[in-house]
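As structure tokens, the structure follows; a few thoughts come after it.
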Amino acid sequence: MAALVAELLFDLVRCLVGGWLRQAAVAICGWLDTKIHGRAARFVVGGLLGIVAYFLIPVIAGLLGL
């Protein structure tokens, strides 16, 4: 019974944290879009963010157990 409750709590926390991370990413990208001017600068920043996401998404998914 304790394992079932622990699994349900873990799923609930994972859903909440995943939703919060998604909302934070959307808010940060919206803010960043207004700060960067020029096509080349957006390309460079987008490339850097893509490289960072390539390495961080598996780490965060591993920590959340996804």
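The values are calculated or read from the model by the stated rules, or taken from the named source; none is laboratory data. In this text, all values refer to a predicted model and were calculated from it rather than measured experimentally. As a convention, Cβ positions derive from the backbone with ideal geometry for all residues, glycine included, and neighbour counts pool all protein chains shown. Side chains included, ligands, DNA and RNA excluded: accessible areas come from the protein's heavy atoms. Shrake-Rupley method; radii C 1.70, N 1.55, O 1.52, S 1.80 Å.
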Exercise for review: Would you mind working out the magnitude of the charge dipole of the chain relative to its Cα centre, with +1 at each Lys and Arg C-beta and -1 at each Asp and Glu C-beta, to the nearest 20 Debye?
Suggested key: 360 debye
Review point. Cα centroids of the stretch 10-31 and the stretch 39-65: how far apart, whole angstrom?
Key: 15 Å
Review point. Is the chain best put as rounded, prolate or oblate by its Cα gyration tensor, with a ≥ b ≥ c the root eigenvalues, rounded for a/c under 1.5, and otherwise prolate when a/b is larger than b/c, oblate when not?
Key: oblate
Revision key, fill the gap. Of GLY18, GLY50, GLY38, the most mobile residue in a GNM of the chain (C-alpha springs, cutoff 10 Å) is GLY38
Review point. With every protein chain present, what is the per residue accessible area of the chain (1.4 Å probe, Å²)?
Key: 85 Å²
Exercise for review: Per residue of the stretch 39-51, in order, report the coupling 6.51 cos²θ - 1.76 cosθ + 1.60 (Karplus, θ = phi - 60°) as ³J(HN,Hα) in whole Hz, putting x for Gly and Pro.
Suggested key: 5, 5, 5, 5, 5, 5, 5, x, x, 5, 5, x, 5
Check your understanding: What's the angle, to the nearest 10 degrees (0 to 90), between helix 2-35's Cα axis and the longest principal axis of the chain?
Key -> 10 degrees
